[in-house]
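Notes to accompany the following structure.
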Protein chains: 4
Amino acid sequence: MSVQEDDEITAVSGFTREERRRDPSRVLALTDGVFAIIITLLVLDIHVPELSAHEKLGTAIADVRPSFISFVIAFIVAAMQWVGHRDLFTLIRYTDRGIIWLNLLTLFAVCLLPFGSALLSHYYEDPLALRMFGLILMGTSLTRTAIWAYATQKPSLIHEPLDRASIRSGLALSAFPVVVYLIAFAIAGVSPQASLAVYASGPVLYFITITLLHWLAPRGSAERQFT
Amino acid sequence: MSVQEDDEITAVSGFTREERRRDPSRVLALTDGVFAIIITLLVLDIHVPELSAHEKLGTAIADVRPSFISFVIAFIVAAMQWVGHRDLFTLIRYTDRGIIWLNLLTLFAVCLLPFGSALLSHYYEDPLALRMFGLILMGTSLTRTAIWAYATQKPSLIHEPLDRASIRSGLALSAFPVVVYLIAFAIAGVSPQASLAVYASGPVLYFITITLLHWLAPRGSAERQFT
Amino acid sequence: MSVQEDDEITAVSGFTREERRRDPSRVLALTDGVFAIIITLLVLDIHVPELSAHEKLGTAIADVRPSFISFVIAFIVAAMQWVGHRDLFTLIRYTDRGIIWLNLLTLFAVCLLPFGSALLSHYYEDPLALRMFGLILMGTSLTRTAIWAYATQKPSLIHEPLDRASIRSGLALSAFPVVVYLIAFAIAGVSPQASLAVYASGPVLYFITITLLHWLAPRGSAERQFT
Amino acid sequence: MSVQEDDEITAVSGFTREERRRDPSRVLALTDGVFAIIITLLVLDIHVPELSAHEKLGTAIADVRPSFISFVIAFIVAAMQWVGHRDLFTLIRYTDRGIIWLNLLTLFAVCLLPFGSALLSHYYEDPLALRMFGLILMGTSLTRTAIWAYATQKPSLIHEPLDRASIRSGLALSAFPVVVYLIAFAIAGVSPQASLAVYASGPVLYFITITLLHWLAPRGSAERQFT
């Protein structure tokens, strides 16, 4: 195919073959679909109670509580992961083989969030449940950190070249939850209560960090852009 | 990075870093995904009846009625919420941190609609079921009203600046269902039948209000655009 | 707001307020999401059999047959509806209140397809099951015919004005399945076997009709474009 | 309609009637939706164990293992199919009736992946389970191969004309898994262990082949573009 032919075709379709192959749109469509399902999945477990004789709805509905708490935990965690994923992919212009498979790894960990949340809400005093929840959370954060590290090393994949300080603070920001979860994981055997408290502090710490970055990071830096 | 370089990159990708970060497309993709699931979720509860000996399908299928009514209620309510969400986001050009988290709060309330509908269809004479249904509906409407209030205060987020009358009538329109649900919630203890009737009047009132606005609101005003 | 300001804003956002409000993209996103769920939903019912003592997988797996047939029926019917919906919306350029609510009505009927298919696969000799399946199918086809009739009456909603012959043959084409289903519905009480055969002939007739139209309809006419 | 009118309308909408009809965007939206559901579906089967008296979570959670393995198998297989589908559709510019129905056939086979994976994880020593898993995998690969064969025969459907060598190696690449699955299928009766090993080698072989192609295929050829 001559260069002229190629140009003509490109002009009609708007994208070169290379651009189509590296376009992230379907990666995002799949990811948003998976997150939409994960966010709603645990509502399926909140069943309408069936009343036995002389039982009141008020007492029967109390049984729904663990399922409801599972749903709330999974929703908050998945929402944070989705927001983080969206922030990450505003920096990424093109995908390649590495990005696609790392993103599928992230989705794998995200898919396990409902199970981890349900386990935690039922056995929140059991070290094993606390540790499995921690492993799943670390999986979601580590895989996302890996995408950040991978993409920032390949300038052709990102919209604008980032300066070293932004790359490092971005890495620190996405690796930071891993440290929090690691602490919760480590102390689960010693004190389940403390471990639970550390997990609960995760979203709070996240909001504080993001808010601080909004105010403190230099104008125009990538870490200021996190949601 | 020099200004020239930045311009060049922007020209290629079509959007500046700021625009990409504030682009609402993934927020809408997640939202549409969640609504698609919520709308279809309760169909899962309509099970094909298993016939016992000498039982006819005609009598057995009557057991499906509560599940079917749950599905119809959830479908109508979720459809109205989706239409309202779509109307709202035709005004919003950019998202920021506030919009994203308020939208996630809306999705949280929307996710509870199937549970609320199932509860109502099974215990429509129980004040507690009526109140919980009302709380969930208020949650969906209040969070959407909050997005409206938030976005209209930040001219940089919306497509065109709205005049004060449009902002106020938009607020009134999205807060109006909250008043209806609050009445139904308040009288649930006194008369469950009346409470149920008020809930049922919700969609009817909605259609009348929207139709009136189509005819009465000044040409080109935002409230004329509601579906 | 002056006209000049308005023009400037339009130029930046690419669409006027009116165009954004009437843009069908979110309607299609919701619709495709619902169809994706409906298509996969009945796979959930195909459970892996649990073997009792001395039972072989070969005999146990035969129990899966009705669930598998439900899935196949729902898949074929939903796929045909989706293809028809896609064809319809290649003609529609803008949505308005009528299109949106008629489309939600279509989705309502589509959501009932899994239940109808499951009912049919379990009680294919029962007139009631055959009639309910027929009602759901008629619902999906009638609502889609209504969108066609509505849109073709409003030239501002469609891409190009259609000539009368195209409008009429389009109406006939989407109303045609209704007639087939009506016959199957009517004879369900007399001969369930014949009714079932008429339903089964639906997809076959559809393929034949579409293929004939591809060859016979005048070049460039709308009905030639159906998939 | 005069040519001038037609041109004007085309200019406004940006696409001609023909282009809209052949646009693959909704085909991809449905496909990504189905894959998102298939990928997450088997997580639903990983239930939180209920402890009987004196039972520990550690022993109870072991019961989750087959469900977890089902999920992992379905995830890996569906992810590979999705990546292959995405690669294929970077070459396809337009859809026609054939592409749409072949793609629906692919989705049909993809929908059966969760069942096949669950069957395999529960009865991995049973020849019948191994054969059914193989049939489903062959279905997904054969239908995708059919799309490749169909599209490459119609130059109007693909972005750039492919040379014969690329068409042939693309066919070989998508037909290659079929051969692997056929071997696993054939030896399932003789040695279930060997059959299982061949299935397990599938993803490994896939990664090796793709990596080799990245290095060995001529620069700019289509098969270099596979993910």
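The values are calculated or read from the model by the stated rules, or taken from the named source; none is laboratory data. Please read these numbers as outputs of a predicted model, since none were measured by experiment. Backbone-built Cβ (ideal geometry, glycine too); neighbour counts: all protein chains shown. Quick note on the areas: whole protein, heavy atoms, side chains included, nothing else; ligands and nucleic acids left out. Shrake-Rupley method; radii C 1.70, N 1.55, O 1.52, S 1.80 Å.
Only a single item in (1) open to solvent by less than 70 Å² (accessible area, probe 1.4 Å); (2) modelled with pLDDT under 85; (3) away from every other protein chain (no Cβ under 14 Å) is not met by D:H214, and it is number (3). C:T31 meets all of the listed conditions (1) within 15 Å of the chain's Cα centre (by Cα); (2) more than 19 Å from B:A79 (Cα to Cα); (3) surrounded by 22 or more Cβ atoms within 10 Å (Cβ to Cβ) but one, namely (2).
Within the stretch D:153-173, the residues that satisfy the criterion of being open to solvent by less than 20 Å² (accessible area, probe 1.4 Å) and closer than 20 Å to D:I210 by Cα are D:S166, D:G170. Cβ-Cβ contacts under 7 Å between residues 6 or more apart (or on different chains), taken from a first residue in the stretch C:17-28 that is modelled with pLDDT of 85 or more to a second residue that is outside any loop (DSSP other than H, G, I, E, B) and open to solvent by less than 30 Å² (accessible area, probe 1.4 Å), are listed as C:P24/C:F89; C:P24/C:I92; C:R26/B:D32; C:R26/B:R86; C:V27/C:I100; C:V27/C:N103; C:L28/C:F89; C:L28/D:R26. Does B:L130 qualify as being of a type outside the set (D, E, K, R), in contact (Cβ under 8 Å) with a residue 40 or more places away in the chain and part of a helix (DSSP H, G or I)? Yes. Of the helices (runs of 4 or more DSSP H) lying entirely inside the stretch B:33-113, the ones with 2 or more residues being of a type in the set (A, V, I, L, M, F, W, C) and within 8 Å of chain C (Cβ to nearest Cβ) are found at B:65-91.
Take the residues in the stretch A:74-101 that are in contact (Cβ under 8 Å) with a residue 60 or more places away in the chain and aromatic (F, W, Y), then tell me which one is surrounded by the most Cβ atoms within 10 Å (Cβ to Cβ).
First pass over the stretch A:74-101, keeping only residues in contact (Cβ under 8 Å) with a residue 60 or more places away in the chain: A:76-77, A:80-81, A:83-84, A:86-96, A:99-100.
Remaining after also requiring aromatic (F, W, Y): A:89, A:94.
Working: A:F89: 20, A:Y94: 18.
Ranking the qualifying residues of the stretch A:74-101, first place goes to A:F89.
When the stretch B:179-192 is filtered for residues that are open to solvent by 40 Å² or more (accessible area, probe 1.4 Å) and touching a residue at least 40 places away in the same chain (Cβ under 8 Å), the ones remaining, listed by number, are B:L182, B:F185, B:G189.
With respect to D:L91, determine if the residue is at pLDDT below 95 and touching a strand residue (DSSP E or B) at 6+ places or on another chain (Cβ under 8 Å). Even if it seems obvious, please write down each step before you answer.
Working: at pLDDT below 95: yes; touching a strand residue (DSSP E or B) at 6+ places or on another chain (Cβ under 8 Å): yes.
Taking the combined requirement at face value, the residue satisfies it.
Report yes if some residue within the stretch B:183-200 is among the aliphatic types (A, V, I, L, M), touching a Leu at 6+ places or on another chain (Cβ under 7 Å) and within 30 Å of B:E19 (Cβ to Cβ); otherwise report no. No.
Counting just the residues of the stretch A:122-139 that are of a type outside the set (A, V, I, L, M, F, W, C) and open to solvent by less than 50 Å² (accessible area, probe 1.4 Å), which one comes out nearest to A:L182 (Cα to Cα)? Lay out the reasoning, then the answer.
So the first thing to find is which residues in the stretch A:122-139 are of a type outside the set (A, V, I, L, M, F, W, C), and the list is A:122-127, A:131, A:134, A:139.
Next, from what is left, pick out any that are open to solvent by less than 50 Å² (accessible area, probe 1.4 Å): A:123, A:126-127, A:134, A:139.
Values: A:Y123: 19, A:D126: 17, A:P127: 13, A:G134: 7, A:G139: 11 Å.
Per the stated criteria, the residue is A:G134.
For the stretch C:34-73, filtered to residues that are aromatic (F, W, Y) and open to solvent by less than 20 Å² (accessible area, probe 1.4 Å), the residue that is farthest from C:G139 (Cα to Cα) is C:F71. So which of C:A79, C:A129, C:A109, C:A151 ends up being touching a strand residue (DSSP E or B) at 6+ places or on another chain (Cβ under 8 Å), of a type outside the set (D, E, K, R) and at pLDDT 90 or above? Testing whether each residue is touching a strand residue (DSSP E or B) at 6+ places or on another chain (Cβ under 8 Å), of a type outside the set (D, E, K, R) and at pLDDT 90 or above leaves just C:A151.
Read through the list (1) more than 17 Å from the chain's Cα centre (by Cα); (2) under 28 Å from A:L128 (Cα atoms); (3) touching a residue at least 12 places away in the same chain (Cβ under 8 Å), then give the number of the only condition that D:F71 fails. Result: D:F71 passes all but (1).
Checking D:L196, D:L162 one by one, the residue that is part of a helix (DSSP H, G or I) and not charged (D, E, K, R) is D:L196 and no other.
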